[in-house]
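The values are calculated or read from the model by the stated rules, or taken from the named source; none is laboratory data. Owing to the predicted nature of the structure, the values given are computational and were not obtained by experimental measurement. Here the Cβ positions follow ideal geometry from the backbone for every residue, glycine too, while neighbour counts run over all protein chains shown.
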């Protein structure tokens, strides 16, 4: 099968959102595989300068992907050949439900700008990264790509999901009308280095890990001597808050202010002093939203990155369409500015669903294995070494009851995950403890 675009080690690759969980993992994988011409953007989170990217072939550019003119100028200046669209506004159930307008507007704007400029500037291949929240709330399990748009979405993250569905459709539509080679992947819940540990906005796994780390420290504080001298565990809490403040509270705030904000986010403590023995009798309780019964799937971020680079190297839109629902369409980029850099797309044939429709060309990236939130909490508790109590607040929403991907399409292309959940959480906690910022 003739490919219309081949990723070379010297190809100019643009990673949009290079300092986040997804983008940083993709950059790491590209470097491991010997790619030497990487341009990466960042916005609010600057790249880490110590160790992680020292002496590596990366050009960093601060870029507001919401700004159409700024994105247009970037593409004209850097002329990327391949694009990983990893930038997005993301968050957990609280943030998605609270900032609904922000989630739909910002994600649509980022996608529109990057995808359209990729077309206008003759990008050979683009990968759009979405999320499995695109599937219906009551979706049959495991979730196949063909279940997209078959029933209503989960309300709490509906704006974000609609934006991501629009991104899939934008890539498909540009491919069909202009002959571009834009592919979409939908990773399951990700976790790993450079995750978001903001307790208001983070996803469940990093939030639980941080809460139990802080709970572990709180449970070991010797309150009876704290006023007289430093306590190692209290200093660890202060250090954690200095690295990632909660509502502006850092390690420089008072003990009372710190305990108040921790309690607000479900890390509750009480303590009893016994001056004679200095025995720690702290009672620490971690609040978890919902019943703990929903089941979720989790994928190590570096496995996700490996899958993305694999697909960028070896699979084009035409091949994906044949696996999905293709027809006898042959695409060709009709943009004269881009035509010199893009050849005719692979012929799309063998439509097994309809005669004239191409849809559901996105690819799930997942493990095909799930775990309940209560089981996940117990696993993180064991790995972190937290021996306090867990409290399930059933007044809070559970979200979608079950979310498990069917990665059969990806498996048929030759890729499977390698890092299992327990190993991944152990690696993540080790990274969390050693992070510099």
Exercise. Would you pick out the residues in the range 155-179 that are under 19 Å from residue 402 (Cβ atoms) and surrounded by fewer than 21 Cβ atoms within 10 Å (Cβ to Cβ)?
Worked result: 155, 158
Seminar exercise, completed: Among residues of the range 176-190 being in contact with a strand residue (DSSP E or B) (Cβ under 6 Å, 6 or more places away or on another chain) and outside any loop (DSSP other than H, G, I, E, B), the residue nearest to residue 295 (Cα to Cα) is 189
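Matching residues to (1) closer than 25 Å to residue 109 by Cβ; (2) in contact with a strand residue (DSSP E or B) (Cβ under 9 Å, 6 or more places away or on another chain); (3) surrounded by 14 or more Cβ atoms within 10 Å (Cβ to Cβ); (4) at pLDDT 95 or above:
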{"site": "10", "(1), (2), (3), (4)": "no, no, no, no"}
{"site": "14", "(1), (2), (3), (4)": "yes, yes, yes, yes"}
{"site": "27", "(1), (2), (3), (4)": "yes, yes, yes, yes"}
{"site": "45", "(1), (2), (3), (4)": "yes, no, yes, no"}
{"site": "50", "(1), (2), (3), (4)": "no, no, no, no"}
{"site": "62", "(1), (2), (3), (4)": "yes, yes, no, yes"}
{"site": "67", "(1), (2), (3), (4)": "yes, no, no, yes"}
{"site": "73", "(1), (2), (3), (4)": "yes, no, no, yes"}
For this session: Would you be able to tell me the number of residues in the range 114-149 that are within 16 Å of residue 174 (Cα to Cα) and over 20 Å from the mean Cα position of the chain (by Cα)?
Result: 10
Exercise. Residue 99 versus (1) touching a residue at least 24 places away in the same chain (Cβ under 8 Å); (2) surrounded by fewer than 23 Cβ atoms within 10 Å (Cβ to Cβ); (3) closer than 29 Å to residue 132 by Cβ: which is the lone unmet condition?
Worked result: (1)
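Can residue 80 be described as crowded, with 20+ Cβ neighbours inside 10 Å, modelled with pLDDT of 95 or more and out of contact with any strand residue (DSSP E or B) (no Cβ under 8 Å at 6 or more places or on another chain)? Spell out how you get there, then give the answer.
Values: crowded, with 20+ Cβ neighbours inside 10 Å: yes; modelled with pLDDT of 95 or more: yes; out of contact with any strand residue (DSSP E or B) (no Cβ under 8 Å at 6 or more places or on another chain): no.
Taking the combined requirement at face value, the residue does not satisfy it.
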Seminar exercise, completed: Reported set for the range 72-101 where residues are in contact with a helix residue (DSSP H, G or I) (Cβ under 6 Å, 6 or more places away or on another chain), under 22 Å from residue 165 (Cα atoms) and in a helix (DSSP H, G or I) is 93, 96, 97, 100
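Looking at residue 369, is it surrounded by fewer than 21 Cβ atoms within 10 Å (Cβ to Cβ), part of a loop (DSSP other than H, G, I, E, B), out of contact with any strand residue (DSSP E or B) (no Cβ under 8 Å at 6 or more places or on another chain) and at pLDDT 95 or above? Talk me through it step by step, then tell me what you get.
On the way: surrounded by fewer than 21 Cβ atoms within 10 Å (Cβ to Cβ): yes; part of a loop (DSSP other than H, G, I, E, B): yes; out of contact with any strand residue (DSSP E or B) (no Cβ under 8 Å at 6 or more places or on another chain): yes; at pLDDT 95 or above: yes.
So residue 369 passes the test.
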Exercise. Does the range 217-249 hold any residues that are within 15 Å of residue 200 (Cα to Cα), without any contact (Cβ under 8 Å) to a residue 40 or more places away in the chain and in a loop (DSSP other than H, G, I, E, B), and which are they?
Worked result: 245, 248
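Out of 192, 251, 290, which single residue is surrounded by fewer than 22 Cβ atoms within 10 Å (Cβ to Cβ) and under 22 Å from residue 381 (Cα atoms)? Outline the logic, then answer.
Details: 192 fails: surrounded by fewer than 22 Cβ atoms within 10 Å (Cβ to Cβ); 251 fails: under 22 Å from residue 381 (Cα atoms).
Selected residue: 290, the only one of 192, 251, 290 that is surrounded by fewer than 22 Cβ atoms within 10 Å (Cβ to Cβ) and under 22 Å from residue 381 (Cα atoms).
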For this session: Tell me which residues, restricted to the range 137-147, are in contact with a helix residue (DSSP H, G or I) (Cβ under 7 Å, 6 or more places away or on another chain), more than 26 Å from residue 180 (Cα to Cα) and in contact (Cβ under 8 Å) with a residue 12 or more places away in the chain.
Result: 139, 143
